[in-house]
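A short reminder: the numbers here are calculations on the coordinates, not readings from a lab. What you see is a predicted model; the values in this text were computed from it and never measured. As a convention, Cβ positions derive from the backbone with ideal geometry for all residues, glycine included, and neighbour counts pool all protein chains shown.
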Amino acid sequence: MASSDSRDGGNGEQRLARRLPSFEDYRRIKYGVGLTDHARRIFWTLNGPLTTAISVMEHPYYDPDSVLEPYFRQTPADSAPSWHPVSRESFFTPPVSSITLPVWPLEMWEDDWYELHYPHAEPLSDFIGCEGIRVGPLPDYDPDQDEEPEGENEPVHLLGCCETERPRNKKVKVVVEAEGEFLTVHDILSTLHPRLLGACEDIREALGGLLDGKSISAETKLMVYPPLGDAMVVDEHNWFHNSGKPREDLIRLEPGPYWYLVENEAGELVLPPGTFPPGMVIPLGMFPPGTQLPPGMEPTPESSGTADGPS
């Protein structure tokens, strides 16, 4: 949600509501967004509700010799919940106002299943291949997302193979919007954790064997990487293997400056003058549709413009 930003200084000038770009705004212009060290400190399991499943690490990486701090702080029964101070920090750098997170491995589950089973199930029309092949139409067929149907008289698709069912309509996308000016650690956790917890059964099956359809063991702990572009759930072995102290020779790039959009009283998104230095190239499509740029900053129809006039 946009927060109000007083620009009148007591002079009665127009009040504007600032809005940070979304994660997708930055991605569209190929501007790198990273995780803050606060986000990297989250020790995130899927073995219970938010109050018990989340801890905070001492470092922005896992150190087996350090102590985990509880994310949820116990309070009297009649008091509001209390959370670790890291909960109020920005999750991303530069800060963003919202993000849409596909859930991995559910996002690729159907595609991976199809790629594995199709070669030994073809030709579908002759029912040649392994046992348990089931074919038929897809009522919700999407030509932009699904494979081309086979069969001239009646279009058919692979619906089942090797005694497993095609994992149809299992994708999950979670939209997280900032409660304040920017997405905080708690915004991400409080919105995403319940959705992941509700999808645990599908996630375990997707992480299991695509060939035999068996889920990973219920005793295997599921853990979540801090989401950057998608919400990635893995088994604990993979998480611990990839979450240790980074190598000393790796270079961490510092993020650049970030910019605000502002919403005027007419509800229009406006880029404040002086956001960019004169001469800076402005790529076409850098800002959300409908954004009003200051005079002299309009991109050219071909590709780009500059802050001091079209190139």
Please report the net charge: other residues with Cβ closer than 12 Å to the Cβ of H186, K and R +1, D and E -1. -2
Using only Cα atoms, what Kirkwood radius does segment 155-204 have, in angstroms? 13.7 Å
Treating cross-link reach as a plain straight distance, find the lysines whose alpha-carbon is under 22 Å from the alpha-carbon of K30, omitting any fewer than eight places away in the same chain. K173
